[in-house]
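Colleague: This is the structure I want to talk about, given as C-alpha cells.
Throughout, read-outs are computed from the coordinates displayed, never taken from laboratory work. All of these numbers come straight from a predicted model, not from anything done at the bench. Heads up, the Cβs are rebuilt from the backbone with ideal geometry, glycines too, and the neighbour counts pull from every protein chain shown.
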Amino acid sequence: MPLDPLIDVHAHFVTERYVQAARAAGHEHPDGMPGWPQWSPEAHLALMDESGIATSMLSVSSPGVHFGDDRAARELAREVNEFATGVVRAHPGRFGHLAALPLPDIDGSLTEIAYALDVLGSDGVAIETNAHGRYLGDAHFAPIWTELDRRGAVVFVHPTSPPHAEAISVGLPRPMLEFLFDTARAATDLLFAGVLDRYPGIRWIFTHGGGVLPLLADRIHLFRTAFGGEQQGRSASEQLRGLWFDMAGTPFPHQIPALEAAFGLDRLLYGSDYCWTPPAAVAAQIAAIDAADRAGAPTWRALTTDHARTLFPVRSQ
C-alpha cells in the first residue's frame, strides 16, 4: 500500500548570495556548525520523491537575514523571498514559502509582510526565537504581532543561538542543545508577556517538538501561578496547547511521546529540517516515523498531513 504523502513544514533553502552575506558578517560556522549546506531545487525534489514528501514549505534558517544593518537586511530579505517564490512557481504543488523578515527592524518587517503575503503570495512568515538577543515577548515587536494577528497569519518560529552562545555552548554546535532551550525560552516569553493571549489570530509553529518545552510545561505553570501574581486570560496549559509543533529532529522514541503527554497531538506537523539535516539523517528520521506504532490510529504521516492541510490549504490540494 502506498504511504500517505507528507507535507514538510520545516524545510530550508540557501542561496549563494545569502551565504556570501552571512559569511561576510562573520557566520563562517553558523551557530557553531561545521559549515554551510548545499541546496538546489533539484536535490530537494529528489529527496522529497525518495521520502514520500508531497510538498515542502521553504524558509530561511538561522542566522536569519539581519546581520546588523537594517537596509542590508531589508534588501536580503526581499532577495531570498523573491527567490523562493520563483522556486514555488517553477514547481507547482511541490513547494510553499514562509517569508523571511528583517527583524528586529519593525518598519522593514511590516513592509516585507505586506509584500510577501499580498504580492508574492507567501504562505506565512518565518522568524527566529530571538532577534539579536531581543525575545518575542518584547513590546518592541507589538506592531508585528498586531499586523500578523489581523491577517490570521502562520508564524514559523525557528530557533537560533541565544545571547552569549559561545560562552554557554561549551564548544558544541548550538542546534544540538541551545536551539531546544531557546525554543522553550521564546514560547515561555510569549506566554508570560501575554502575547499568545492578546493575539489569538496568529498561528504559531514551534520546531523540534517544542524543544524542551514539554518537559518544562508543569514547572512553567507552577511559576506562572505561584509566583507570577494574578493571571488574566486563558490558562498557561490552554495557551501552550494552542501552539503548533513540528517533528523535526529525533521524534522517536522519546520526543513525540513527551509532546503528546504535555500538549496532545491535535496540532502536530511533520518537519524534516532539510537542507541543514543531511539526506541520510532525513531518511532515518522518516523511517523511525513510519515504524512508530500508532495502535490502529491514523499513521503519523496521515495525522500530520491532515493538520498541515488545515494551515496551508492552498499547498495541499
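Colleague: Would you work out if the stretch 160-315 is rounded, prolate or oblate? Take a ≥ b ≥ c from the square roots of the eigenvalues of the alpha-carbon gyration tensor; rounded if a/c is under 1.5, else prolate when a/b is larger than b/c, oblate otherwise. If you can, show how the numbers build up before the last one.
Modeller: On the way: a/c = 1.82, a/b = 1.23, b/c = 1.47.
Oblate.
Colleague: Expected output is a single nm value to one decimal: the length gained when fully extending between residue 168 and residue 79, i.e. 0.36 nm times separation in residues minus the C-alpha distance. What is it? Write down the numbers at each step before the final one.
Modeller: Working: separation 89, 0.36 × 89 = 32.04 nm, distance 3.34 nm.
Once the chain is fully extended between residue 168 and residue 79, it gains 28.7 nm.
Colleague: Mind checking the dipole of the chain: about its Cα centre, +1 per Lys or Arg Cβ, -1 per Asp or Glu Cβ, Debye to the nearest 20? Don't jump to the answer; show the numbers that get you there.
Modeller: Working: 23 positive and 37 negative charges, 87 e Å.
Value, rounded to 20: 420 debye.
Colleague: Still on this structure, I have one more. Would you mind pulling out the separation of the Cα centroids of the stretch 1-75 and the stretch 179-193, in Å?
Modeller: Rounded to whole Å, the Cα centres lie 23 Å apart.
Colleague: Just to check I understand the Karplus step: with θ = phi - 60° and J = 6.51 cos²θ - 1.76 cosθ + 1.60, what whole-Hz values come out for the stretch 10-24, glycine and proline as x?
Modeller: Karplus values, whole Hz, x for Gly and Pro: 10, 10, 10, 9, 9, 10, 4, 5, 5, 4, 4, 5, 5, 5, 5.
Colleague: Subtracting the Cα-Cα distance from 0.36 nm times the residue separation, let me have the gained length for residue 70 to residue 309 in nm, one decimal. Could you put the intermediate results ahead of the total?
Modeller: Details: separation 239, 0.36 × 239 = 86.04 nm, distance 3.49 nm.
Extra length from residue 70 to residue 309 when fully extended: 82.6 nm.
Colleague: Neighbour counts of other C-beta atoms within 10 Å: give me 36, 300 arranged from fewest to most. Display every interim value, and only then the final one.
Modeller: Working: 36 18, 300 25.
Lowest count first: 36, 300.
Colleague: Then there is this: What distance in nm separates the simple spin-label points at residue 222 and residue 45, each placed 7 Å from Cα in the Cβ direction?
Modeller: 5.3 nm
Colleague: May I pose another question? Given H placed 1.01 Å from N in the peptide plane, which residues other than close sequence neighbours of residue 97 have an amide H under 5 Å from its amide H?
Modeller: Amide H neighbours of residue 97, under 5 Å, 5+ apart: 58, 123.
Colleague: Ignoring everything except DSSP H segments at least 4 long, calculate the 222 nm mean residue ellipticity for the chain; use -39,500 (n - 2.57) per segment, divide by total residues, nearest 500. Present the calculation step by step, with values, prior to reporting the outcome.
Modeller: Values: 13 runs with 136 residues, N = 317.
Only helices count here, giving -13000 deg cm²/dmol.
Colleague: Classify the stretch 24-110 as rounded, prolate or oblate from the Cα gyration tensor: take a ≥ b ≥ c as the square roots of its eigenvalues, call it rounded if a/c is under 1.5, otherwise prolate when a/b beats b/c and oblate if not. Don't skip to the end; give the middle numbers.
Modeller: Numbers: a/c = 2.72, a/b = 1.48, b/c = 1.84.
Oblate shape, in that a/c is at least 1.5 and b/c is the bigger or equal ratio.
Colleague: So what are the ³J(HN,Hα) numbers for the stretch 215-227, from phi and the Karplus equation (6.51, -1.76, 1.60; θ = phi - 60°), rounded to whole Hz, Gly and Pro as x?
Modeller: Those phi angles translate into 6, 9, 4, 5, 5, 4, 4, 4, 5, 5, 8, 7, 10 Hz.
Colleague: Still on this structure, please answer the following. Per residue of the stretch 57-74, in order, report the coupling 6.51 cos²θ - 1.76 cosθ + 1.60 (Karplus, θ = phi - 60°) as ³J(HN,Hα) in whole Hz, putting x for Gly and Pro.
Modeller: Values per residue, Gly and Pro as x: 8, 7, 8, 7, 8, 4, x, x, 10, 9, 10, x, 10, 4, 5, 5, 5, 4 Hz.
Colleague: Note the full-extension length gain between residue 16 and residue 118 as 0.36 nm times their separation in residues minus their Cα-Cα distance, in nm to one decimal. Intermediate results must be reported in sequence, preceding the final value.
Modeller: Numbers: separation 102, 0.36 × 102 = 36.72 nm, distance 2.64 nm.
Full extension from residue 16 to residue 118 adds 34.1 nm.
Colleague: What spacing in nm lies between the two simple spin-label points modelled at residue 215 and residue 176, each 7 Å away from Cα in the Cβ direction?
Modeller: Label-label distance for residue 215 and residue 176, simple model: 1.5 nm.
Colleague: I would also like to ask the following. Give me log10 I(q)/I(0) at q = 0.11 Å⁻¹ for the chain, Debye formula, one equal scatterer per alpha-carbon, no solvent.
Modeller: For the chain at q = 0.11 Å⁻¹, log10 I(q)/I(0) is -0.64.
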